[in-house]
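Q: Just dropping this structure here.
The values are calculated or read from the model by the stated rules, or taken from the named source; none is laboratory data. Just so it is clear, the structure is predicted and the values come from calculations on it, not from any experiment. Don't worry about glycine lacking a Cβ; one is built from the backbone with ideal geometry, like all the others, and counts go over all protein chains shown. When the accessible area is computed, the model is the full protein with side chains, heavy atoms only, and any ligands, DNA or RNA have been set aside. Shrake-Rupley method; radii C 1.70, N 1.55, O 1.52, S 1.80 Å.
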Amino acid sequence: MNEGLARVNCSVYRHGVKRGEITIDEIGTALEQQETFVWLGLVEPDHELMERVQEEFDLHELAVEDAQKAHQRPKIEEYGETLFVVLHTVTLAGQTIHFGETHVFVGRRFVITVRHGKSNGYGSVREKTENTPARLATGPGYVLYSIVDFIVDHYQPCMDTLQYRFRQVEKDLFQPNPPAGNLEEFYNLKNELLSLQAAAGPLTDVCTQLLRFHGDIIPKENRIYYRDILDHVARVTESADRVREMIDAAMQVALAQVTIRQNEVVKRLAGWGAILAVPTMVFSLYGMNFDVMPELKWRWSYPCVMLGIFLVSVFLHRRLKRVGWL
């Protein structure tokens, strides 16, 4: 359903079974029923809509203010009986990674997701949880796990894509004439890798808190699922550390190659400069205005000078080419 310009999906669940979709104005009535919770999904809501949501669920104003703004760091905060969780999402389009955010409010009787930027919808998460009514009956804590697990599952394919792109650029690194833009590609890869690492890394603290605390929202039987998320996060962060080290090493090699190529140019210029120094010196000598230069009156002076310059230049050229300067 739609509320204004923002996309809204609001469903009510009782005993783990979906009872239907409702409007925001009907939320209060739905929550009066026992063993019932509401799952509300929003996409980039405006200020007016968030105010209505705040009133219906009695959300803290600071959390609501954060939820309206993107560019929040991944975190978990507690406001009374409500948890506010910020998650960074990733979407893979071809070999391009798009980053977004999902802000989640979790209470005993509700779950609210607020999406920002490019991110996958949670329709598949709803379908999956609705197909397991026994687990869904445990409440919003299981929904939170399903959302976090869905987001984390998208990290590894992005990590694999970054590794593949790195291998492709690395192949060109040691070619005779490596592409001029490989250093820029390494830099872009590192930026994306750091963004992915910044999304995944803080989830270790988030999941650890959900494992140990907030028993009123996260039932004991659901806590084991967060251990599985921790394993996935650890695998992503460890892979990111390895790839970052390889990218750093590759960037150093690329920079060294730039320096080597510059040195080769300098050597060639110096070599040709040495060759050209011979005729320059001779010609400058004969450009001096001396009255007594006996060889000027000798018939073979000019051919001998030109031959001498040629022979010395050829000798220098061969010597410099032999040592790799030309």
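Q: Being loosely packed, with under 13 Cβ neighbours inside 10 Å, polar (S, T, N, Q) and modelled with pLDDT under 85 is true for just one of ASN222, ASN177. Which residue is that?
A: Details: ASN222 fails: loosely packed, with under 13 Cβ neighbours inside 10 Å.
Answer to the selection: ASN177.
Q: Filter region 79-94 down to the residues that are at negative phi and without any contact (Cβ under 8 Å) to a residue 40 or more places away in the chain, then identify the one that is surrounded by the fewest Cβ atoms within 10 Å (Cβ to Cβ). Spell out how you get there, then give the answer.
A: At the first step, the residues of region 79-94 found to be at negative phi are 79, 81-93.
If we keep only those that are without any contact (Cβ under 8 Å) to a residue 40 or more places away in the chain as well, we get 79, 82, 84, 86, 93.
Details: TYR79: 16, THR82: 19, PHE84: 22, VAL86: 21, ALA93: 8.
So, considering only residues that are at negative phi and without any contact (Cβ under 8 Å) to a residue 40 or more places away in the chain, the one surrounded by the fewest Cβ atoms within 10 Å (Cβ to Cβ) is ALA93.
Q: What pairs come out if I take residues in region 1-28 that are open to solvent by 80 Å² or more (accessible area, probe 1.4 Å) and pair them with residues that are of a type in the set (Phe, Trp, Tyr) and at pLDDT below 85 whose C-beta lies under 6 Å away, six or more apart or interchain?
A: Here the result reads none, with nothing in region 1-28 linked to a residue that is of a type in the set (Phe, Trp, Tyr) and at pLDDT below 85.
Q: Kindly indicate which of ILE76, ILE97 is part of a strand (DSSP E or B), touching a helix residue (DSSP H, G or I) at 6+ places or on another chain (Cβ under 9 Å), among the β-branched types (Val, Ile, Thr) and open to solvent by 20 Å² or more (accessible area, probe 1.4 Å).
A: Working: ILE97 fails: open to solvent by 20 Å² or more (accessible area, probe 1.4 Å).
After applying the criteria, what remains is ILE76.
Q: So, one more: Could you please let me know if LEU316 is at pLDDT 75 or above and either in contact with a Cys (Cβ under 9 Å, 6 or more places away or on another chain) or hydrophobic (A, V, I, L, M, F, W, C) (or both)? Let's see the steps before the verdict.
A: On the way: at pLDDT 75 or above: yes; either in contact with a Cys (Cβ under 9 Å, 6 or more places away or on another chain) or hydrophobic (A, V, I, L, M, F, W, C) (or both): yes.
Answer is yes for this residue.
Q: List, please: which pairs have Cβ atoms under 8 Å, are six or more places apart or on different chains, and start with a residue in region 294-318 that is closer than 18 Å to ILE275 by Cα and end with one that is open to solvent by 60 Å² or more (accessible area, probe 1.4 Å) and modelled with pLDDT under 75?
A: Close Cβ pairs (under 8 Å, with a partner that is open to solvent by 60 Å² or more (accessible area, probe 1.4 Å) and modelled with pLDDT under 75) amount to VAL305/TYR286.
Q: With respect to ASP172, is the statement that it is under 26 Å from the mean Cα position of the chain (by Cα), acidic (Asp, Glu) and farther than 30 Å from PRO133 by Cα true? Steps first, please.
A: Working: under 26 Å from the mean Cα position of the chain (by Cα): yes; acidic (Asp, Glu): yes; farther than 30 Å from PRO133 by Cα: yes.
Yes; evaluated as a whole, the condition is true for this residue.
Q: Consider TYR164 carefully, then state whether it is in contact (Cβ under 8 Å) with a residue 60 or more places away in the chain and buried (at least 18 other Cβ atoms within 10 Å of the Cβ).
A: Values: in contact (Cβ under 8 Å) with a residue 60 or more places away in the chain: yes; buried (at least 18 other Cβ atoms within 10 Å of the Cβ): no.
Spelling it out, it is not the case that TYR164 is in contact (Cβ under 8 Å) with a residue 60 or more places away in the chain and buried (at least 18 other Cβ atoms within 10 Å of the Cβ).
Q: In region 136-161, how many residues are farther than 14 Å from THR89 by Cβ and surrounded by fewer than 19 Cβ atoms within 10 Å (Cβ to Cβ)?
A: Total meeting the criteria: 4.
Q: Another one. Kindly indicate which of PHE105, PHE110 is more than 24 Å from the chain's Cα centre (by Cα), closer than 20 Å to ILE229 by Cβ and buried (at least 23 other Cβ atoms within 10 Å of the Cβ).
A: Numbers: PHE110 fails: closer than 20 Å to ILE229 by Cβ.
Only one candidate passes the filter, namely PHE105.
Q: Could you check ALA200 against (1) in contact with a helix residue (DSSP H, G or I) (Cβ under 9 Å, 6 or more places away or on another chain); (2) open to solvent by 20 Å² or more (accessible area, probe 1.4 Å); (3) of a type outside the set (Ser, Thr, Tyr) and say which number it fails?
A: (2)
Q: If only one of PRO133, PRO74, PRO45 is of a type outside the set (Gly, Ala, Ser), at pLDDT below 85 and either within 30 Å of GLU185 (Cβ to Cβ) or over 25 Å from the mean Cα position of the chain (by Cα) (or both), which one is it? Reasoning before the result, please.
A: On the way: PRO133 fails: at pLDDT below 85; PRO74 fails: at pLDDT below 85.
Going through PRO133, PRO74, PRO45 in turn, just one is of a type outside the set (Gly, Ala, Ser), at pLDDT below 85 and either within 30 Å of GLU185 (Cβ to Cβ) or over 25 Å from the mean Cα position of the chain (by Cα) (or both): PRO45.
Q: Are there any pairs with C-beta distances below 7 angstrom linking a residue in region 57-71 that is closer than 18 Å to LEU87 by Cα to a residue that is aliphatic (A, V, I, L, M) and part of a helix (DSSP H, G or I), with the two at least 6 apart or on different chains, and if so which?
A: So the pair list comes out as VAL64/MET50; ALA67/MET50; GLN68/MET50.
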